[in-house]
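Below: one structure, written as structure tokens.
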Amino acid sequence: MSGLYRIGVLISGRGSNFKAIAENIKAGYIRNAEIVVVISNRSNAGGLDIARSFGIEALFVDPEGLSRQRYDEQLIKILKQYEVNLVVLAGFMRILTPSFIEAFRDRIVNIHPALLPSFKGLHAQRQALQAGVRFAGATVHFVTEEMDSGPIIVQSVVPVLCGDTEETLSKRILRTEHKIYPYAIKLITEGKLRIENGRVIYDSEELPDGFFAINPTP
Ligand code: GRF
């Protein structure tokens, strides 16, 4: 796709990933995109205030009394009104219906705090600790009908340290999320990748780095 990407962000909570993306757009790291609307399914989501502080339209769309289908129809309508062509899920705690996925096929991205395909679903960091893995991380991927399963764009790796709690591990992973999510969006909006047979292929001759690792610094 050529032209400016119009991003719609879906959140449910604090919105730190959304903030990292907004900052990177503002700083010119992501050049070919603007966030045109932020939508939350929870009225008290901190991310809505962050959106307003950036001068971005912030909407609460109340799911109360609506079926999943009806709710997603509302979302589609609003996103189309804003002419959104890239949907960014940033801590959006709802499973999207197949109609929603179809409406934005290959144009929805998500971040998950684990090295997919391990530890899908809720409490990924807790699952990693329980499994006793030595490395954890985060994954940015395209969204398909099957939860946490779409084509992988970028991953980050962090060590799991002795004495880690869910909180300390989550914090270490989150620091990398704030780097790889803007990076993935930069790659998409610069047309550097495409999906082929369910996998992401980087298009550029100079291969971008789809991997990011950090040392266990505090
Ligand atoms: C992040 O850990 C993200 O990986 C997961 O939900 C959390 C959202 O955090 N999908 P925030 O709202 O972006 O701060």
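The values are calculated or read from the model by the stated rules, or taken from the named source; none is laboratory data. Predicted model only: the values in this text are computed from it and were never measured. Note that each Cβ is placed from the backbone with ideal geometry, even for glycine, and that neighbours are counted across all protein chains shown. Calculation scope for accessible area: heavy atoms of the full protein, side chains included, ligands and nucleic acids excluded. Shrake-Rupley method; radii C 1.70, N 1.55, O 1.52, S 1.80 Å.
Points worth noting:
- Applying a threshold of 7 Å to beta carbon distances and a minimum spacing of six or more residues, or different chains, the list of pairs starting in region 121-148 at a residue that is among the basic types (Lys, Arg) and ending at one that is open to solvent by 40 Å² or more (accessible area, probe 1.4 Å) reads 126/166.
- Leading residue by the ranking (nearest to the ligand (Cβ to nearest atom)) among those in region 76-88 that are under 17 Å from residue 189 (Cβ atoms) and open to solvent by 10 Å² or more (accessible area, probe 1.4 Å): 84
- Any hit, region 171-189, residues being closer than 28 Å to residue 100 by Cα, away from the ligand (no atom under 16 Å from the Cβ), of a type in the set (Ser, Thr, Tyr) and modelled with pLDDT of 95 or more: yes
- When the residues of region 1-48 are filtered to those that are aromatic (Phe, Trp, Tyr) and away from the ligand (no atom under 16 Å from the Cβ), the one that is surrounded by the most Cβ atoms within 10 Å (Cβ to Cβ) is 5.
- Meets criteria (surrounded by 12 or more Cβ atoms within 10 Å (Cβ to Cβ) and either at pLDDT 95 or above or more than 16 Å from the ligand (Cβ to nearest atom) (or both)) for residue 73: yes
- Going through (1) over 14 Å from residue 170 (Cα atoms); (2) not in a loop (DSSP other than H, G, I, E, B) one by one, residue 117 falls short only on (2).
- Enumeration of residues in region 113-135 that are exposed (fewer than 14 other Cβ atoms within 10 Å of the Cβ) and within 18 Å of residue 151 (Cβ to Cβ): 117
- Residue 171 being assigned to a helix (DSSP H, G or I), open to solvent by 60 Å² or more (accessible area, probe 1.4 Å) and without any contact (Cβ under 8 Å) to a residue 24 or more places away in the chain: yes
- Long-range neighbours under 7 Å by Cβ, at least six apart or interchain, first residue touching a residue at least 12 places away in the same chain (Cβ under 8 Å) within region 41-65, second open to solvent by 90 Å² or more (accessible area, probe 1.4 Å) and basic (Lys, Arg): 46/14; 47/14; 58/52
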